[in-house]
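To start, the structure itself, in structure tokens.
The values are calculated or read from the model by the stated rules, or taken from the named source; none is laboratory data. Quantities reported herein were computed from a predicted structural model and do not represent experimental measurements. With ideal geometry, Cβ positions are generated from the backbone for all residues, glycine too; neighbour counts draw on all protein chains shown.
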Amino acid sequence: MREGLFIAFSLFTIAAASGVVLSRNPVYSAFSLILSFFGLSGLYLLWGTTFMAMIQILIYTGAIVVLFVFVVMLLNLQVNKESSPNFLIVGISGAAVWFFSLIILRVLTQAIPNTLPAIPTDQIRTISKLLFTRYLWPFEVLSLFLLVMIIAIFAITRTQEIPHGGEKQ
Amino acid sequence: MDWMDLIVTAVKTIVIYLGMVQVVPIMLIVERRGAALIQDRPGPNRVGPFGLFQPIADVIKMMMKEVAVPKQVNKALYILGPFLVLFPASLVIAALPFGDFFTLFDKNYILQVANIDVGILYILAIGSLGIYGILFGGWASNNKFSLIGAMRSSSQIISYEIPLGLAACSAVLWYGTFSLREMVTGQEGTILSVLPNWGIFYQPLGFLLFFVAAFAETNRLPFDLPESEAELVAGFHTEYGPMDFGTFFMAEYMNMATMSGLMVSIYFGGWHLPWISDATLLQWLGSRNLVALIQVLTAVTKIAFFMLVFVWVRWTIPRFRFDQLMRLAWKNLIPLGLINLVITALVLYFKGAA
Amino acid sequence: MKFPLSITYWSHFVSVAMFSLGLLGFLLRKNTIVVLMCIELMLNAVNLLLIETSMRTNTPEGIIMVVFVVTVAAAEVAVGLGIVLNLYRMKGTVNLDHFKSLRG
Amino acid sequence: MDAFLPVGILFICALLLCVGLFTVKRLLGPRNPVASKLSVYECGVKPEGNARAPFKTGFYLIAVLFLLFDVEAAFFFPWALVYKESLAQGPGLLIAMLVYMGLLVLGLVYIFRKDCLKLN
């Protein structure tokens, strides 16, 4: 059953991810991105990291994609302004990437045992403790990084005084 | 897990889910009669005794109305919109505990859909997905009111998610666990045999923050800006038909129930009766399943009380303006949430040191 | 029932497929917002690989790495979309073909 | 992961409810499309302009702030989980979080001072 779920989630994730790349309308791309992240969090659950699955939904699906959707809706682009990609290039590069990735996979997975991990019982606590002891300094730097980001974003967008008012002038 | 377990779990899940769905018709009549009571008028009293069958009439009316899909809409997302709101609202109830456990065929089953060890994160995470229905529905309607309503509504929801998260975080800090079940278990007993050992007495500020944020998260008055009819017609569901409106409504009531359940579990002792411990109850009643019944009744009563508060507040307090709303979230609630977190941490530290 | 391919294989498969899809989209799409989404896809592919390895070998470091990646991704999106908005304000489009002021 | 199995059952229930509502809507409601009924709702006035036009970016700032603060708040959770247990090892975790929170508060102060959200 677990294997079946794995395959189902894997295929779902990949299908949604291809939706991101293939759909013309950026709103559909964002929607596919949500579905794809949902599938990923399912995979995380199956690997036993409930905490990371929740963080994936909380931050990626619940915040990052919201930002994408907001921007897409604020700009409200008319669909299909984009020149269509050269399908020959798409086909050839896609085939090449898949071919190489499958070879790499074949080589990679030969050495790896086919086992599911014995899930440690208190894994969230282990991670948290490690995060606040050995990785404390990177963690604090993270906060500094986010502070710099807040300032940077306001520096970037401060000049943006209502570029295109409600309707086109 | 064998087949018996699976069947019992499935039946339990379906029963809890149907119970949650029943909140909608009950709240329909309670809200209409409650509004009438507060505004000093009779309210709907024609259908059935005391108007009790009014929800049935309402639902039938909604079903029989015409479905008009406007021409300008983006069909796929327009149809998906209401369900994208209802879906997360249905999923969040999984982590709510309604009681300890019941015994069936010499086996114990918890009175909760799933004993998720990251329960509170689960509710916050899945609960935050509801805004996609609003965003996509509002955008797909291709109407100015809908779009502005959707942007406003989602700005409001995301702004109030942070105080909600901070308040929940203080609770996690206090109880030292993510699991709602363990939080409720930790609230058994009394403080100095005077007050029940409930979270509200340890986290009053946290409860206040949570309470305010819960109103904003569920789009209820005083924070129902997304559909402020004086400004935006009907907000993000301007272009939607009766049944889609019903779906949005259903999701709103289910979200209210979840938020009430969350408040009860974190701050009001969940299934515990005040001053009476489960062991005493078991001694009086003698049967595990009877105790479980009492626990479920207690939890449901507490949740029902908070639902009534939702209705009461709706008809008492006027609506906020959008800038007031944002100021309340960013200038007052978030700093207060951080202060609450620091106070809780300091109290725990000095308690540990003493 | 025994599957011919292992669970590890499926995780790697998803990871590689997502990464290549993201790379393809990154190279071929012209809409800057979609390009940023494709970067997110690539980051998530790597996250999946990190989590899978971390869980399989029972070392929590991988998950901590993912925590950092998530934060950096969030910041990257925030700044990236801010730049996109500014570009839109200046050029009236988000099509990458129109941004060639730096081309010599 | 087994704890999430009932969530799958709930998922199916929710799916059934959604499908049921959709079918009921489709089957029971009459259909009588008229051109004016299917046009954009603008309070009876003739629709002017397109709803798909770019508008002000103030909402973007709210979303960005939400994103960054949500990320920061998400990291309070693992800290809150282990805080109680690690009290025995001295105030290390408390100080670590106070520093982290101090930087967060600096960000908030910056936002208020510059009045980025146009709150005043």
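As for region B:33-50, it holds at least one residue that is within 19 Å of B:PHE249 (Cβ to Cβ), more than 14 Å from every other protein chain (Cβ to nearest Cβ) and of a type in the set (Val, Ile, Thr). Can B:TRP284 be described as touching a residue at least 60 places away in the same chain (Cβ under 8 Å) and out of contact with any helix residue (DSSP H, G or I) (no Cβ under 8 Å at 6 or more places or on another chain)? No.
Mind counting the residues in region A:134-143 that are in contact with a helix residue (DSSP H, G or I) (Cβ under 8 Å, 6 or more places away or on another chain), over 10 Å from D:GLY107 (Cβ atoms) and assigned to a helix (DSSP H, G or I)? Break it down stepwise before answering.
The initial filter retains those residues of region A:134-143 that are in contact with a helix residue (DSSP H, G or I) (Cβ under 8 Å, 6 or more places away or on another chain), namely A:135-136, A:138-140, A:142-143.
Then drop every residue that is not over 10 Å from D:GLY107 (Cβ atoms), which leaves A:135-136, A:138-140, A:142.
Restricting the remaining residues to those that are assigned to a helix (DSSP H, G or I) gives A:136, A:138-140, A:142.
Number of matching residues: 5.
State yes or no: is A:PHE12 within 17 Å of D:GLY8 (Cβ to Cβ), part of a helix (DSSP H, G or I) and more than 11 Å from chain B (Cβ to nearest Cβ)? So A:PHE12 fits the description; yes.
For region C:3-19, the criterion of being outside any helix (DSSP H, G or I), over 22 Å from A:LEU131 (Cα atoms) and out of contact with any helix residue (DSSP H, G or I) (no Cβ under 9 Å at 6 or more places or on another chain) is met by at least one residue.
Among the residues of region C:52-104, those that are at the interface with chain A (Cβ under 9 Å from one of its Cβ atoms) and in a loop (DSSP other than H, G, I, E, B) comprise C:THR57, C:ASN58, C:PRO60, C:GLY92, C:THR93, C:VAL94.
Annotation note: of B:LEU84, B:LEU111, the sole residue that is touching a Phe, Trp or Tyr at 6+ places or on another chain (Cβ under 6 Å), crowded, with 17+ Cβ neighbours inside 10 Å and within 13 Å of chain A (Cβ to nearest Cβ) is B:LEU84.
B:ALA89 meets each of the listed conditions (1) part of a helix (DSSP H, G or I); (2) more than 28 Å from D:ILE9 (Cβ to Cβ) apart from (2).
Does region B:311-320 include one or more residues that are closer than 26 Å to D:TRP79 by Cβ and either touching a Lys or Arg at 6+ places or on another chain (Cβ under 7 Å) or in a helix (DSSP H, G or I) (or both)?
In the first step, residues of region B:311-320 are kept if they are closer than 26 Å to D:TRP79 by Cβ; the result is none.
No, the conditions are met nowhere in region B:311-320.
Return the residues of region B:158-195 that are among the acidic types (Asp, Glu) and either buried (at least 22 other Cβ atoms within 10 Å of the Cβ) or within 23 Å of B:PHE215 (Cα to Cα) (or both); say none if nothing qualifies.
B:GLU161, the sole residue that qualifies.
Being touching a strand residue (DSSP E or B) at 6+ places or on another chain (Cβ under 7 Å) and either at pLDDT 85 or above or not in a strand (DSSP E or B) (or both) is the filter here; which residues of region B:97-127 pass it?
At the first step, the residues of region B:97-127 found to be touching a strand residue (DSSP E or B) at 6+ places or on another chain (Cβ under 7 Å) are B:97-102, B:108-112.
B:PRO97, B:PHE98 - these are the residues of region B:97-127 that are touching a strand residue (DSSP E or B) at 6+ places or on another chain (Cβ under 7 Å) and either at pLDDT 85 or above or not in a strand (DSSP E or B) (or both).
Residue count for region D:97-120, restricted to those that are at pLDDT 85 or above, more than 13 Å from A:ILE150 (Cα to Cα) and either hydroxyl-bearing (Ser, Thr, Tyr) or surrounded by fewer than 18 Cβ atoms within 10 Å (Cβ to Cβ) (or both): 4. Does B:ALA10 count as over 30 Å from D:PRO6 (Cα atoms) and either touching a residue at least 24 places away in the same chain (Cβ under 8 Å) or assigned to a helix (DSSP H, G or I) (or both)? It is false that B:ALA10 is over 30 Å from D:PRO6 (Cα atoms) and either touching a residue at least 24 places away in the same chain (Cβ under 8 Å) or assigned to a helix (DSSP H, G or I) (or both).
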